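Quick notes on the structure that follows.
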Amino acid sequence: LALEYAWTAADADAGIQQLHHLIGELRPAGRRWNLAFALQSLGRLLSIRPPEINPSQALNQALGYLREALALFEALGDARESGNTLRALGGVYLLQQRLPEARQYFEAAQQRLAAIDDWGHAVNLHWQLADVNFQLGDHPAAFQHLALRDDARPG
């Protein structure tokens, strides 16, 4: 709920504060999946709505929260949320213009999501991979991501 509030509110600070508070309660309680989801939510929020004062610092913090979330989801065996977290990490690297890392994480997310037959999210990653490849100057790879046939599945 804190994440939804922060995305829809004019001021994301309240949602960010709520997520920090929630993370502080979840850590000692040992609720690892809930903690991972709260960390993922905070990382995504900081990357989508970074504070105006220091957006670069917010993106670095987002990477930290997302890496911790990924480690927890992987330890728990949650492939779907691991894939979603990999995608969020790719998004942060894209915002930082760290394009090779962005591509690496988007590809890993796509593979993870395709492996569990989450084709909706896996196919959607083609847009992000096309964007990264265009920016890297790899136009053939970019066009390959945009030229999928209806019967083609990523993988």
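Any idea which of ALA114, ALA62, ALA75 is at pLDDT 95 or above, part of a helix (DSSP H, G or I) and within 30 Å of HIS139 (Cα to Cα)? Selected residue: ALA62, the only one of ALA114, ALA62, ALA75 that is at pLDDT 95 or above, part of a helix (DSSP H, G or I) and within 30 Å of HIS139 (Cα to Cα). When the residues of the range 21-48 are filtered to those that are touching a residue at least 40 places away in the same chain (Cβ under 8 Å) and charged (D, E, K, R), the one that is surrounded by the fewest Cβ atoms within 10 Å (Cβ to Cβ) is ARG32. Summed over the range 91-111, residues that are assigned to a helix (DSSP H, G or I) and more than 19 Å from GLN144 (Cα to Cα) total 6.
Applying the set (1) at pLDDT below 95; (2) among the basic types (Lys, Arg); (3) in a helix (DSSP H, G or I) to ARG67 leaves exactly one unmet item: (1). Taken together, the criteria exclude ALA114 from residues that are among the small types (Gly, Ala, Ser), surrounded by fewer than 18 Cβ atoms within 10 Å (Cβ to Cβ) and over 21 Å from ILE16 (Cα atoms). Among the numbered conditions (1) closer than 18 Å to ARG112 by Cα; (2) in contact with a Lys or Arg (Cβ under 7 Å, 6 or more places away or on another chain), the only one that LEU35 does not meet is (1). Scanning the range 60-90 for residues that are closer than 17 Å to HIS121 by Cβ, surrounded by 20 or more Cβ atoms within 10 Å (Cβ to Cβ) and hydrophobic (A, V, I, L, M, F, W, C) returns LEU66, ALA69, LEU70, PHE73, LEU86, ALA88, LEU89. State whether the residues of the range 129-143 include one that is of a type in the set (S, T, N, Q), within 25 Å of ASN54 (Cβ to Cβ), surrounded by 14 or more Cβ atoms within 10 Å (Cβ to Cβ) and modelled with pLDDT under 95. Within the range 129-143 (the criterion being of a type in the set (S, T, N, Q), within 25 Å of ASN54 (Cβ to Cβ), surrounded by 14 or more Cβ atoms within 10 Å (Cβ to Cβ) and modelled with pLDDT under 95), the answer is yes, since at least one residue qualifies.
The values are calculated or read from the model by the stated rules, or taken from the named source; none is laboratory data. As the structure is a prediction and not an experimental result, all values here were calculated from the model. Because the Cβ atoms are built from the backbone with ideal geometry, glycine has one as well, and the counts that use them run over all protein chains shown.
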